[in-house]
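Below is one structure, written out as structure tokens; comments come after it.
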Amino acid sequence: MTDVLIAVALVFVVAASTGAVLCREPVRQAVVLSALGLGLALLFTLLQAPDVALSQLAVGTALTPLLILLTTRKLRRSTEEAGEDTAPGSAEDTGTPDGGTGSGG
């Protein structure tokens with residue numbers, strides 16, 4: 001019975017790790033990474049390593065996805081603020097020092 005549970009946990013870990021690699025959005029990656037951490041914690045518990053399972057549960061399931069989500073949130077906020085500062089047609093928007101007039105200074 002234990003061998004079947006280990007096999008199921010291994011299949012879940014492989015599927016979750018493949019899903020984490022194939023996801024393109026950081027928010028979805030964080031959710032899949034959390035599921036992967038949970039699967040690894042279950043696998044470590046089945047392999048009679050409860051100390052490693054608890055560490056994996058804390059770091060892999062909770063802390064790492066939380067840091068990814070907080071970083072993504074901060075990056076989106078800073079990108080939105082930078083987008084509000086640059087108005088269409090301004091010197092910052094055209095990338096030229098003279099505001100895009102071509103006068104050269």
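Criterion first (more than 24 Å from residue 76 (Cα to Cα) and under 22 Å from the mean Cα position of the chain (by Cα)) does residue 46 satisfy it? So residue 46 fails the test.
Could you please give the count of residues in the stretch 1-23 that are outside any helix (DSSP H, G or I) and under 17 Å from residue 56 (Cα atoms)?
Number of matching residues: 0.
Only one entry in 54, 36, 40, 47 is over 21 Å from residue 71 (Cα atoms), buried (at least 19 other Cβ atoms within 10 Å of the Cβ) and free of Cβ contacts under 8 Å to residues at least 60 places away in the same chain, namely 40.
Go through the stretch 24-33 and give me each residue that's β-branched (Val, Ile, Thr) and either surrounded by 19 or more Cβ atoms within 10 Å (Cβ to Cβ) or not in a helix (DSSP H, G or I) (or both).
Correct list: 32 only.
Give the residue that is farthest from residue 76 (Cα to Cα), with candidates limited to residues of the stretch 11-29 that are out of contact with any helix residue (DSSP H, G or I) (no Cβ under 7 Å at 6 or more places or on another chain) and not small (Gly, Ala, Ser). Explain how you work it out, then say what you get.
Within the stretch 11-29, the subset out of contact with any helix residue (DSSP H, G or I) (no Cβ under 7 Å at 6 or more places or on another chain) is 11, 14-15, 18, 21-22, 24-25, 28.
Retained after the next criterion (residues that are not small (Gly, Ala, Ser)): 11, 14, 18, 21-22, 24-25, 28.
Details: 11: 34, 14: 31, 18: 26, 21: 22, 22: 21, 24: 16, 25: 12, 28: 15 Å.
Going through the qualifying residues, I end up with 11.
Every read-out reported here was derived from the displayed coordinates using simple, explicitly stated rules and does not represent laboratory data. Quick caveat, the model's predicted, so the values are computed rather than measured. Cβ sites come from the backbone with ideal geometry, for glycine too, and all protein chains shown count toward neighbours.
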